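Enquirer: Have a look at the structure that comes next, please.
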Amino acid sequence: MKILFLTSRLPFPPVGGDKLRTFNFIKHLNKNHHLTLLSFIENEEELNELSEFEQYYNKIITIKLPKLESYKNCLIGLFSSKPLQIHYYTSDSMEAAVKRELENGYDVIFCHLIRMAQYLPNNRNIKKIVDFTDAISLNYIRSKKYRKGLFSIINYIESKRVLKYELATIDHADTSIFISQIDADFLRTDKNSKKIKVIANGVDFEKFQFYNEGFDENQVTFVGNMRTFPNTDAVLYFTQEVFPILRKVNPKIKFYVVGTEPNREVLNLHDGENVIVTGFVDSVIPYITNSAVLVAPMRVGAGVQNKILESMALGTPVVTTTIGAEGLEKSQLTVADSPAEISQKILELMKDKNLRKQKAIFGRKYIEKKFHWEVVLQNLDKTIKP
């Protein structure tokens, strides 16, 4: 089959949760189908690394969308009924490119995230698939409690716009994909139920190999893209509410915050001794494997946390919240929701090496069984079929 795959940014190199998911989808689909990738770029420099990934697509088309133009689109979008992220990625050039490419005859058009669903055609002769990944409206609803100032107003407006847009997109598409059953069920109705599918994320086991050697007994680590509110909120919550409890018991404890583009509030946490904010790193693996525990104290968010999958694959136990554990079997994780419970569970794993080792082994086996890309992508093959 011929597949036209639309993304809001190049999935190369595959760094970060959404890029990693897109990359593995594209890589897999290109094995048995003719795949054209149509993607936005912000500048020409993004094309420098394309040669390394040429084997994963048959054809690529890029449309330049500078940030300044996107910001202008958002200002205009303040007075419309569509979500701001839809306006951010609105482009006449992209619309024209999609229409022009579809004239070459395609069996499937595949959009990654709802921001690209605005380019779906009305043509009934082509299968229309949207990978929502998360139910973004669920994320907005959960964020409402913790957003402040201007962001609380934007959050309120966007939550209603996004929910309406998500439901309309499901109606328009033939198939809508979500990363977890919870996200899928949040947007499921009697009318759209048969259109909704769940395809989880996977783990690259060659890259994330089980590590069963030394680690720093005093180190706990958080990993995540710090551009996002859920990750920023988790770090601030942990530092303000949980970390002081841990330090009273263990003054030597160190908290590493590993992830790109931390904001000023997170950067101010860095003292170089007890709290270390790294910013961007080439690989998160050394930080995870050197930790006694990976913490994911999520209060906001949706979908499945890649940081948890990768840490379990590496053999570092995870302490997370009920929201952080969504999409996973809670029996395989250490789940706690209050600062006292979270600190207690962390200290138990730090003190009891046998418990930590047991959690590490069970976690790895669970990830191997449920989140191997080869297993996950079998569901993608079923979804693509006419």
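Enquirer: For a quick check of your reading: which strands (runs of 3 or more DSSP E) sit entirely within segment 41-134 and have at least 2 residues that are open to solvent by less than 30 Å² (accessible area, probe 1.4 Å) and of a type in the set (Val, Ile, Thr)?
Expert: 108-112, 127-133
Enquirer: Also, I was wondering about something else. Take the residues of segment 214-231 that are modelled with pLDDT of 95 or more and open to solvent by less than 10 Å² (accessible area, probe 1.4 Å): which is nearest to ILE141 (Cα to Cα)?
Expert: For segment 214-231, the residue satisfying everything is PHE222.
Enquirer: Which residue out of TYR165, TYR146 is part of a loop (DSSP other than H, G, I, E, B) and out of contact with any Ser or Thr (no Cβ under 6 Å at 6 or more places or on another chain)?
Expert: TYR146
Enquirer: Tell me the residue from LYS385, LYS330, LYS351 that is within 30 Å of ARG147 (Cβ to Cβ), over 19 Å from the mean Cα position of the chain (by Cα) and surrounded by fewer than 23 Cβ atoms within 10 Å (Cβ to Cβ), please.
Expert: LYS330
Enquirer: While we're looking at this one, here's another question. In segment 1-37, how many are of a type in the set (A, V, I, L, M), buried (at least 21 other Cβ atoms within 10 Å of the Cβ) and not in a helix (DSSP H, G or I)?
Expert: Of the residues in that region, 6 qualify.
Enquirer: Go through segment 163-186 and give me each residue that's open to solvent by less than 50 Å² (accessible area, probe 1.4 Å) and over 15 Å from GLY301 (Cα atoms).
Expert: Scanning segment 163-186 gives TYR165, GLU166, THR169, ILE170, ALA173, THR175, SER176, ILE177.
Enquirer: Take ILE141 and decide whether it is among the β-branched types (Val, Ile, Thr) and either touching a residue at least 24 places away in the same chain (Cβ under 8 Å) or surrounded by fewer than 17 Cβ atoms within 10 Å (Cβ to Cβ) (or both).
Expert: no
Enquirer: Okay, moving on. Hey, could you check segment 303-327 for residues that are assigned to a helix (DSSP H, G or I) and of a type in the set (S, T, N, Q) and say which is surrounded by the fewest Cβ atoms within 10 Å (Cβ to Cβ)?
Expert: Restricting to residues being assigned to a helix (DSSP H, G or I) and of a type in the set (S, T, N, Q), the top hit is ASN306.
Enquirer: Something else: Can you confirm whether segment 276-296 contains a residue that is among the charged types (D, E, K, R), open to solvent by 60 Å² or more (accessible area, probe 1.4 Å) and closer than 21 Å to PHE205 by Cα?
Expert: Yes, that holds for at least one residue.
Enquirer: Quick one: which strands (runs of 3 or more DSSP E) sit completely within segment 222-301 and have at least 2 residues that are touching a residue at least 12 places away in the same chain (Cβ under 8 Å) and under 25 Å from ARG364 (Cα atoms)?
Expert: 254-258, 291-296
Enquirer: With respect to ILE346, is the statement that it is farther than 24 Å from LEU138 by Cα, of a type in the set (Val, Ile, Thr) and either over 26 Å from the mean Cα position of the chain (by Cα) or surrounded by fewer than 16 Cβ atoms within 10 Å (Cβ to Cβ) (or both) true?
Expert: no
The values are calculated or read from the model by the stated rules, or taken from the named source; none is laboratory data. The structure displayed is predicted, hence computed values, not measured ones. Quick reminder, even Gly has a Cβ in these numbers, built from the backbone with ideal geometry, and neighbours come from all protein chains shown. Remember, those area values only see protein heavy atoms, side chains included, never the ligands or the DNA or RNA. Shrake-Rupley method; radii C 1.70, N 1.55, O 1.52, S 1.80 Å.
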